[in-house]
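Here's the structure, in structure tokens; my notes come after.
Values in this text are rule-based calculations from the coordinates and carry no lab data. Because the structure is a prediction, the values reported are computed rather than measured. For neighbour counting, all protein chains shown are included, and Cβ atoms are generated from backbone atoms with ideal geometry for every residue, glycine included.
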Amino acid sequence: MKKNNIVLVGGGSTWTPGILKAMTTHLEEFALNKVVLYDIDEDRQEVIGEFAKILFKEEAPDVEVVYTTDKNIAYTDVDFVFCQMRTGGFNMREKDEKTPLSLGVIGQETCGAGGFAYGLRSIRDMVEMVKEVRRLSPEAWILNYTNPAAIVALALDKIFPEEERILNICDQPVNLLRSYSKLINHDVNDLEPVYFGLNHFGWFTNIFDETGKDRAPELKEIITTGGFKPVDAEQRDQSWLETYAVVKDMLIDFPDYLPNTYLQYYLYPEYKLSQLNPEKTRTDEVREGREKKVFEECRRIVANGTARDSKVVHNDAHGDMMVEVAASIANNLRKTFVVIVKNNGIISNLPNDSMVEVAASLGANGPAPYAVGEIGTFYKGLIENQYAFEKLTVEAYIEESYGKALQALTLNRTIVDAKKARQVLDALIKDNKEYWPELR
Ligand code: G6P
Ligand code: MN
């Protein structure tokens, strides 16, 4: 089996230890030669990088581990880029959440006005990353987890139409699948999903088990009567538990399909707004929780020189999926994953050029998506509206257009009112001066 060179962009992220751990437990499926961690934040990168050296020394001593803030080192001679950058870091995530909330609309990392703001920041750095990777590693696969994935995927498709080796993915479908599998006491690897929509805006229509039986009806019944929790509920903060709980409400109102958790911001914007606190958002929770826990643990591991006793660093859905996706491509395994791809008729009554999230068989030539066919009027209406928002957001960036930005925000279901949209846009322009093109 070929041994791969990989680079993790956003190597100083709190998600990195879990991904590295997953790499060390999937070596038979995905062989490694070299792992490079790359981040622009030297302090964060050093802590996680030193941890990585210890983890690999103990678990996979043949793999070379490097950490760097130099993109020339990072992008040279790479087989797979795992990209999870966060332009502007948590300080800007905080603004994406708090500025809209202070003006009376949803403020969230990837949805609504917050997602719009983050999208305009991500596009610039993602485009630069793709160009630099192509200069130094023309054949590398770029697996992108950078948010907001819907907007990033659309922008990259528009700016690099010839690219065949960029794949945009999100872990929320697999997080949900794992949570379903617990409810019906079934191995998640034996469940085959049918899914359609846009990223953070989709539904599971069927969940087939290995006998071919659709378990979705049973799952809907269990959730509408007993509620819904993430599979790793004990490790989740309060806001995530609340997020999963709303799935029950969505199923009662719209019982056709199992909804992605993120739909709650679009279906119940007023209710969600009443639950969110503009002074204390998810960013505060992450800073006080995962951020502290992961960095303290990595420092402890480095001080002790061993990661063997760590309970904090463990396999999780996110890390496992990232490595399994790469393995499926590297070794042509053709396993099924829910991924983001160009529609091209998969959902027959949506625009061909939209970037949809669907189940696909993933092999050496990339994703081969399964056909979905026609979707019902309610779902088509919701998706077309959201797609128009995403498309106008990308066009606002490329054309540096204030008018398109205003149209995008007005279309978004979490905003609707054009006067509010203008207020939010003007406030976000101030917040993002260093990151956005000047909108005229
Ligand atoms: C899920 C989503 C990601 C998102 C993350 C936020 O995994 O799929 O797109 O970034 O949640 O998690 P956090 O714990 O940082 O709020
Ligand atoms: Mn996601």
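Observations on the structure shown:
- What you get for segment 1-142, charging only the Cβ of Lys and Arg (+1) and of Asp and Glu (-1), is a dipole of about 420 debye around the Cα centre.
- Dipole of segment 213-255, positive direction: furthest Cα of TYR244, LEU219, VAL231, with charges on the beta-carbon: LEU219
- Segment 175-205 versus segment 114-173: alpha-carbon centroid distance in Å: 24
- Those lysines that a straight Cα-Cα span of less than 19 Å connects to LYS248, excepting residues fewer than 8 apart in one chain: LYS182, LYS220, LYS229, LYS272
- Relative contact order %, segment 78-228, counting alpha carbon pairs below 8 Å whose residues are six or more apart: 18
- DSSP beta bridges confined to the chain are antiparallel in about 50 percent of cases.
- Overall shape: oblate for segment 254-384, with the ratio a/c of the largest to smallest alpha carbon gyration tensor axis at 1.5 or above and b/c at least equal to a/b.
- CD proxy at 222 nm, helix term only [per DSSP H run n ≥ 4: -39500 (n - 2.57); per residue of the chain; nearest 500]: -15000 deg cm²/dmol
- Those aspartates and glutamates that a straight Cα-Cα span of less than 12 Å connects to LYS430, excepting residues fewer than 8 apart in one chain: ASP96, GLU438
- Net charge of neighbours whose Cβ lies under 13 Å from the Cβ of VAL416, counting Lys and Arg as +1 and Asp and Glu as -1: +2
- When the Cα positions of ASN5, TYR257, LEU120 are compared along the charge dipole of the chain, LEU120 comes out farthest toward the positive end, with charges on each C-beta of Lys, Arg, Asp and Glu.
- Projected onto their three principal axes, the Cα atoms of the chain cover extents of 56, 55, 43 Å, largest first.
- Across the chain, Cα pairs under 8 Å and at least six residues apart give a relative contact order of 19 percent.
- Cross-link partners for LYS380 among the lysines, with Cα-Cα distance under 17 Å and sequence neighbours closer than 8 places in the same chain left out: LYS342, LYS391.
- Between the C-alpha center of segment 15-93 and that of segment 403-440 there is a gap of 35 Å.
- FRET efficiency for the pair LYS57 and LYS335, taken as 1/(1 + (r/R0)^6) with r the Cβ-Cβ distance and R0 = 30 Å, rounds to 0.50.
- Sorted peptide list for 335-344, 98-107, criterion being average Cβ within 10 angstrom, highest first: 98-107, 335-344
- Potential lengthening between THR306 and ASP426 on full extension [0.36 nm per residue; Cα-Cα distance subtracted]: 38.2 nm
- Taking each residue as 0.36 nm, the span from LYS131 to ASN185 lengthens on full extension beyond its C-alpha to C-alpha distance by 14.9 nm.
- Taking 0.36 nm per residue of sequence separation and removing the Cα-Cα distance, the ASP232/ASN365 pair yields an extension gain of 44.5 nm.
- The chain - charge dipole about Cα centre, Lys and Arg +1 at Cβ, Asp and Glu -1, debye rounded to 20: 580
- Modelled FRET efficiency - R0 30 Å, ASP43 with GLU210, Cβ distances, 0.05 increments: 0.05
- Backbone N under 14 Å from the LYS248 label point (7 Å along Cα→Cβ), restricted to segment 219-235: 220-230
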